[in-house]
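Input: a single structure, listed below in structure tokens.
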Amino acid sequence: MPSSEPSSQPSPEQAPAGLTPGCAVQLLQRPSYLKTADPMPMLRPADLVDLAEVGEVVALRPLGTVAVRFRRGTFLIDGALLRRPDEGTAG
């Protein structure tokens, strides 16, 4: 049987290369929700983080997940949704 798994991420890599704790990142696109990086994680609305807001990588987690500290909290975000701020601003 053909597998019909939904693929929202066309990129095969889990996390962008070059992400290390302490580096600055921005969201490429807003996820459907944010998951807090607390010991007891909670789901929060995605509009807590603006696309232009710069966050700091706190930790790299398994399966390409990155803990990022933004102004309104620290969230677990799929590494494929993150970029370095200097990547798109060369000009």
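The values are calculated or read from the model by the stated rules, or taken from the named source; none is laboratory data. Treat the numbers as computed from the prediction; the structure is a model and nothing was measured. No Cβ is skipped: glycine too gets one built from the backbone with ideal geometry, and neighbour counts run over all protein chains shown.
Couple of notes before you dig in:
- Restricting the range 34-57 to residues that are within 16 Å of G18 (Cβ to Cβ) and out of contact with any Pro (no Cβ under 6 Å at 6 or more places or on another chain), the residue that is surrounded by the fewest Cβ atoms within 10 Å (Cβ to Cβ): E56
- Among the residues of the range 33-47, those that are modelled with pLDDT of 95 or more and not in a loop (DSSP other than H, G, I, E, B) comprise Y33, L34, K35, T36, L43, R44, P45.
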